[in-house]
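This report concerns only the one structure given below.
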Ligand code: ADP
Ligand code: MG
């Protein structure tokens, strides 16, 4: 049995060895006008680690994700990716965007491009990949997420679950170092949630570094190395999923869990 990638032999994504810091946020503050939306955020995500971010609506989870790929700037503090401070603009910023894949709640695919074009466009335009190479890689990824029979269709012809899996393939096509998922299943019909979570779980098991904002506690228990609980712009608590779900320490986390579990 030839392993096609180095982590194929890993038995499970849970608690596999994780590496050195890949994302490092230190003392990060951000304001929207007078709203202190991120308050002294310290967060490190190691290579190969899966961090699930949970918390009430409006607590700053999306903003946190968006600062990591610099869709939002910060007012103070530092964010490093793979040992380098986030670039402010120009070529460095384009490279950063390639290193940080993002999947949003709304699928954000180009409606007037085929599935295949959606996945190859970034690598061809932003990374200068040859069309044939980009297409070969795209087919591999579309196979992996289970939509390789849809390559010539347009996104509106696909179900929500299929579109979201294409969005994951599109992000992976840039060969990112880390993948950010911001409530990737929140806009999906219930029967499609599992197919997207299964793809994410497989990615986690393959050792992808992931930051996942989600309300899917089953996924958190199954795939996360660590749960980060946010409330009102602060990281209130961090723990393993086991510890967090059975024995949350803060009253804010206990209160939140009592509403969702
Ligand atoms: P979450 O993802 O946890 O629901 P967000 O990060 O989206 O939280 O938002 C945190 C807070 O910041 C909310 O009060 C939201 O209304 C506010 N906010 C988010 N984006 C902006 C923006 N671009 N301008 C002003 N306020 C914003
Ligand atoms: Mg959000």
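FYI, it's all coordinate maths here, none of it is from the lab. Fair warning: this is a prediction, and the values are worked out from it, not measured in the lab. No Cβ is skipped: glycine too gets one built from the backbone with ideal geometry, and neighbour counts run over all protein chains shown.
Share of antiparallel DSSP beta bridges in the chain, in percent to the nearest 5?
Values: 20 of 37 bridges.
Percent antiparallel among DSSP bridges in the chain is about 55.
Principal axis lengths of the range 141-261 from Cα atoms, whole Å, largest first?
Computed over the Cα atoms, the extents are 51, 29, 24 Å.
So what's the angle, to the nearest 10 degrees on a 0 to 90 scale, between helix 131-144 and the longest Cα principal axis of the chain?
60
Describe numerically, in nm with one decimal, the distance between label points set 7 Å from Cα along Cα→Cβ at residue 215 and at residue 44.
3.3
Label point 7 Å out from residue 250 along Cα-to-Cβ: which residues of the range 58-75 have amide N under 15 Å?
58-62, 64
Calculate for the chain the 222 nm mean residue ellipticity that helices alone would give, adding -39,500 (n - 2.57) per DSSP H run of length 4 or more and normalising by residue count, nearest 500 deg cm²/dmol.
Details: 9 runs with 98 residues, N = 261.
-11500 deg cm²/dmol, from helical runs alone.
Relative contact order for the range 28-77 using alpha-carbon pairs under 8 Å, separation at least 6, rounded to a whole percent? Don't jump to the answer; show the numbers that get you there.
Numbers: 46 pairs, mean separation 22.5, N = 50.
After rounding, I find 45 percent.
Using 0.36 nm per residue of separation minus the Cα-Cα distance, give me the extension gain between residue 259 and residue 198 in nm, one decimal. Show your work: numbers first, answer last.
Details: separation 61, 0.36 × 61 = 21.96 nm, distance 2.53 nm.
Here the answer is 19.4 nm.
Taking 10 °C and 1.306 mPa s as the conditions, I'd like the Stokes-Einstein D for the chain in µm²/s, using the Kirkwood hydrodynamic radius from alpha carbon pairs.
Values: Rh = 18.9 Å.
Estimated via Stokes-Einstein, D reaches 84 µm²/s.
Using DSSP, restrict attention to beta bridges with both residues in the range 166-261 and report what percent are antiparallel, rounded to the nearest 5. Intermediate values should be presented prior to the final figure.
Details: 5 of 10 bridges.
Looking only at bridges with both residues in the range 166-261, the antiparallel portion is about 50 percent.
Going by alpha carbons, how many degrees (0 to 90, nearest 10) lie between the helix axis of 90-99 and the longest principal axis of the chain?
In the chain, helix 90-99 runs at an angle near 90 degrees to the longest axis.
With everything on Cα atoms, drop me the angle between helix 190-205 and the longest principal axis of the chain, reported from 0 to 90° to the nearest 10.
The two axes meet at around 90 degrees.
Can you tell me the mean projection area, over all orientations, of the convex hull of the range 52-141's alpha carbons? Units nm², please. Walk me through the intermediate numbers first.
Numbers: hull surface 31.3 nm².
Reported value for the Cα convex hull: 7.8 nm².
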